[in-house]
């Protein structure tokens, strides 16, 4: 099972559209996971129309339309992998212990908010993944997203994709 992980798209405030490379990844994915801060419901509509399956949550910049359609925390079992998605996990310091407490029956937690790519495994065995942002790099050197594979009830082949600088 092929996954695409994105977050913090902030459309149309930070960009007018998702980059073409990300739309190509949407087409290739079995599941698209968005960890919040969509900003405009139009992206949710388009992802749902163009993806095989979309799992998403609302973020702190998402208004009533998105909050009416998306949960704060999403959970799914994907080929035996217990997945959770949330926008915010709090400060980096203490994140692993906090997430182990909050998500004891989860194998993989996808989160956003910081725009900082993150891939660690907690002492409790929880894989923490933040794809960064494909539209707003903030203080990061690149705009980013993640892809991953689920096979044999395991997540693997997690790849951070760096998008090229925008051209005028």
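Just the residues that are assigned to a helix (DSSP H, G or I), more than 15 Å from residue 133 (Cβ to Cβ) and touching a strand residue (DSSP E or B) at 6+ places or on another chain (Cβ under 7 Å), please, taken from the range 26-46. Give the derivation first.
From the range 26-46, those assigned to a helix (DSSP H, G or I) are 26-28, 41-46; that's our starting set.
Filter once more, keeping what is more than 15 Å from residue 133 (Cβ to Cβ): 26-28, 41-42, 44-46.
The answer is 26, 28, 44.
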If I filter the range 76-98 down to residues being outside any strand (DSSP E or B) and in contact (Cβ under 8 Å) with a residue 60 or more places away in the chain, which single residue comes out as surrounded by the fewest Cβ atoms within 10 Å (Cβ to Cβ)?
80
Within the range 3-17, identify whether any single residue is outside any helix (DSSP H, G or I), at positive phi and in contact with a strand residue (DSSP E or B) (Cβ under 6 Å, 6 or more places away or on another chain), and answer yes or no.
yes
So, first residue in contact (Cβ under 8 Å) with a residue 24 or more places away in the chain and at positive phi in the range 139-163, second residue surrounded by 14 or more Cβ atoms within 10 Å (Cβ to Cβ) and part of a strand (DSSP E or B), Cβ within less than 8 Å, six or more apart or across chains; the pairs are 153/81
In the range 99-153, residues that are more than 23 Å from residue 1 (Cα to Cα), touching a strand residue (DSSP E or B) at 6+ places or on another chain (Cβ under 9 Å) and not in a loop (DSSP other than H, G, I, E, B) total 3
For the range 55-69, give me the residue count where each residue is surrounded by 21 or more Cβ atoms within 10 Å (Cβ to Cβ), in contact with a helix residue (DSSP H, G or I) (Cβ under 7 Å, 6 or more places away or on another chain) and over 20 Å from residue 126 (Cα atoms).
2
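Readers should treat all values here as calculations from the given coordinates under stated rules, not as data from a laboratory. As the structure is a prediction and not an experimental result, all values here were calculated from the model. In this analysis, Cβ positions are derived from the backbone assuming ideal geometry, glycine residues included, and neighbour counts consider all displayed protein chains.
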